[in-house]
Amino acid sequence: MILAEKIIALRKKNGWSQEELAYQMDVSRQSVSKWESGASIPDLERILKLSQVFGVSTDYLLKEEMETAPSTISLESDCDEVHKTVTLEMANDFMEIKISGAKKVASATAAYILSPVALIFLRGLSGFNGEKVSENMAGGFGMVILLLIVGIATVFLVMHGMKMESYQYLEKEDFRLEYGVEGIVRKKMAEYEGTYRICIMAGVFLCIICALPLMAAVALGSSDSAYVMCVGFLLIIVACAVFLFVISGERKSCFQILLQEGDHTAEKKLEKKQSEHLPAIYWCSVTAVYLGISFLTQNWVRTWIIWPCAGVMYGAVRGIAAALKSRKMHD
């Protein structure tokens, strides 16, 4: 029995007209008519939805040798019953929110890096033209702009986090994908792989050339004010690189989260649960140190170096924490 005949038989078995089936499938009646006449074949997503609507497996729909309609795949063990099941609709909603929010997360992250740029440029400008722009004026306006940028970026991150609240369990708990969902997610990830690689390569290239403004200033023997301005350009280039890293990483992570691969395996989730308070403690401490040193020295132009150093140190801190936990478990 071919697919077209099975669709007709299952529709009639449920007592539905073509219009009623079309409504449940969210397609036109003409589409259902073409499926049943064999003029066209439903795509993979429609096949999955047909299996849900009719309550049969996709194997029955696709394999001509299967004449009897088995029920949809049941849970394999008692262990699986405690795991949440992610349907195709849930997976699509999660990917849509995650991908659309990736740009906001990347923009907010880049904004944090760009936040001191106005302060740096104003300080540099005061060195070129101290009469029109005093050092105090530059510092005051620069701090206002810095705080505004940080505040707006934080709002964007909080709003995105609120949208993702209902899907937090995907990153913290084990779950199982409904039959056929994995294939669709893998297909979308494969389609995105080319774009991901381009973004990563572009980001790496920007990181490599970010020091060019400072090198040019050294080569030209520029003044201290010119060096300060070059630091601002360096941060702009770094922010662009970080934007590419974050937006590509966020979009790829939505596929890895659903497939429970990469940094989202069961083992990684357990590690995150054990160290979930570390990032908050670490970055709050770094912020306190940054603000304390900056206010005490009033040297905001140079204290920005704390952030890249803290970023590098964070990897070391996490590694040390993981090593200590591993040693404790072995003991």
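The values are calculated or read from the model by the stated rules, or taken from the named source; none is laboratory data. Nothing here was measured: the structure is a model prediction, and the numbers come from that model. Cβ sites come from the backbone with ideal geometry, for glycine too, and all protein chains shown count toward neighbours. When the accessible area is computed, the model is the full protein with side chains, heavy atoms only, and any ligands, DNA or RNA have been set aside. Shrake-Rupley method; radii C 1.70, N 1.55, O 1.52, S 1.80 Å.
Would you check if there is a residue in the range 164-185 being within 17 Å of ILE99 (Cα to Cα), among the charged types (D, E, K, R), in a helix (DSSP H, G or I) and at pLDDT below 90? First the steps, then the outcome.
Of the range 164-185, the ones within 17 Å of ILE99 (Cα to Cα) are 164-168, 170-171, 184-185.
If we keep only those that are among the charged types (D, E, K, R) too, we end up with 165, 171.
Within this subset, residues satisfying the condition of being in a helix (DSSP H, G or I) are 165, 171.
Now drop any that are not at pLDDT below 90, which leaves 165, 171.
Yes.
Condition test on ILE198, is it open to solvent by less than 40 Å² (accessible area, probe 1.4 Å), over 30 Å from PHE121 (Cα atoms) and either at pLDDT 85 or above or in a helix (DSSP H, G or I) (or both)? If you could, list the steps in order and put the result at the bottom.
Details: open to solvent by less than 40 Å² (accessible area, probe 1.4 Å): no; over 30 Å from PHE121 (Cα atoms): yes; either at pLDDT 85 or above or in a helix (DSSP H, G or I) (or both): yes.
So ILE198 fails the test.
Would you be able to say whether some residue in the range 47-66 is out of contact with any strand residue (DSSP E or B) (no Cβ under 6 Å at 6 or more places or on another chain), open to solvent by 80 Å² or more (accessible area, probe 1.4 Å), acidic (Asp, Glu) and at pLDDT 85 or above? Talk me through it step by step, then tell me what you get.
Narrowing the range 47-66 to residues out of contact with any strand residue (DSSP E or B) (no Cβ under 6 Å at 6 or more places or on another chain): 47-66.
From what's left, open to solvent by 80 Å² or more (accessible area, probe 1.4 Å): 52, 62-65.
Narrowing the set further to residues that are acidic (Asp, Glu) leaves 64-65.
Next, only the ones that are at pLDDT 85 or above stay: none.
Looking through the range 47-66, none of the residues is out of contact with any strand residue (DSSP E or B) (no Cβ under 6 Å at 6 or more places or on another chain), open to solvent by 80 Å² or more (accessible area, probe 1.4 Å), acidic (Asp, Glu) and at pLDDT 85 or above.
Tell me which helices (runs of 4 or more DSSP H) are completely within the range 251-331 and hold 1 or more residues being under 28 Å from VAL86 (Cα atoms) and at pLDDT below 70, or say none if there are none.
Values: elements: 266-274, 278-297, 300-303, 306-330.
Once the helices (runs of 4 or more DSSP H) in the range 251-331 are filtered for at least 1 residues that are under 28 Å from VAL86 (Cα atoms) and at pLDDT below 70, what remains is 266-274.
What pairs can you find where one residue is in the range 100-116 and assigned to a helix (DSSP H, G or I), the other is open to solvent by 10 Å² or more (accessible area, probe 1.4 Å) and of a type in the set (Ser, Thr, Tyr), and their Cβ atoms are less than 8 Å apart, with a gap of 6+ or different chains?
ALA108/THR154
Of all residues being polar (S, T, N, Q) and over 25 Å from VAL181 (Cα atoms) in the range 15-46, which is surrounded by the fewest Cβ atoms within 10 Å (Cβ to Cβ)? Just the residue, please.
Filtering the range 15-46 for residues polar (S, T, N, Q) gives 17-18, 24, 28, 30-31, 33, 37, 40.
Then keep just the ones that are over 25 Å from VAL181 (Cα atoms); that gives 17-18, 30, 33, 37.
Working: SER17: 12, GLN18: 18, GLN30: 12, SER33: 13, SER37: 10.
Restricting to residues being polar (S, T, N, Q) and over 25 Å from VAL181 (Cα atoms), the top hit is SER37.
Within the range 174-195, count every residue that is farther than 29 Å from VAL56 by Cβ, open to solvent by 60 Å² or more (accessible area, probe 1.4 Å) and of a type in the set (D, E, K, R).
First pass over the range 174-195, keeping only residues farther than 29 Å from VAL56 by Cβ: 192-195.
Narrowing the set further to residues that are open to solvent by 60 Å² or more (accessible area, probe 1.4 Å) leaves 195.
Still in the running and of a type in the set (D, E, K, R): none.
Total satisfying the criteria: 0.
Just give me the residues in the range 201-228 being modelled with pLDDT under 85 and of a type in the set (Val, Ile, Thr), in sequence order.
VAL218, VAL228
Taking the range 7-45 only, how many residues are assigned to a loop (DSSP other than H, G, I, E, B), touching a helix residue (DSSP H, G or I) at 6+ places or on another chain (Cβ under 7 Å) and closer than 15 Å to LEU61 by Cα?
Counting residues in the range 7-45 that are assigned to a loop (DSSP other than H, G, I, E, B), touching a helix residue (DSSP H, G or I) at 6+ places or on another chain (Cβ under 7 Å) and closer than 15 Å to LEU61 by Cα gives 4.
Restricting to the range 82-124, give me the number of residues that are crowded, with 22+ Cβ neighbours inside 10 Å and hydroxyl-bearing (Ser, Thr, Tyr).
Of the residues in the range 82-124, 1 are crowded, with 22+ Cβ neighbours inside 10 Å and hydroxyl-bearing (Ser, Thr, Tyr).
Under 9 Å between Cβ atoms, at least 6 apart or on separate chains: pull out the pairs that start in the range 25-43 with a residue that is small (Gly, Ala, Ser) and end on any residue that is exposed (fewer than 14 other Cβ atoms within 10 Å of the Cβ) and in a loop (DSSP other than H, G, I, E, B).
SER31/SER40; SER33/ALA39; GLY38/ILE2
Just to be sure I understand, how many residues within the range 233-271 are open to solvent by 60 Å² or more (accessible area, probe 1.4 Å), without any contact (Cβ under 8 Å) to a residue 24 or more places away in the chain and of a type outside the set (D, E, K, R)?
2
Determine which single condition MET162 fails, assuming it passes every other condition in (1) aliphatic (A, V, I, L, M); (2) within 27 Å of PHE245 (Cα to Cα); (3) surrounded by 12 or more Cβ atoms within 10 Å (Cβ to Cβ).
Status for MET162: all satisfied but (3).
Being β-branched (Val, Ile, Thr) and under 22 Å from LEU122 (Cβ atoms) is the filter here, so list the residues in the range 201-240 that pass it.
First, the residues of the range 201-240 that are β-branched (Val, Ile, Thr): 204, 208-209, 218, 228, 231, 236-238.
Answer for the range 201-240, where residues must be β-branched (Val, Ile, Thr) and under 22 Å from LEU122 (Cβ atoms): VAL228, VAL231, ILE236, ILE237, VAL238.
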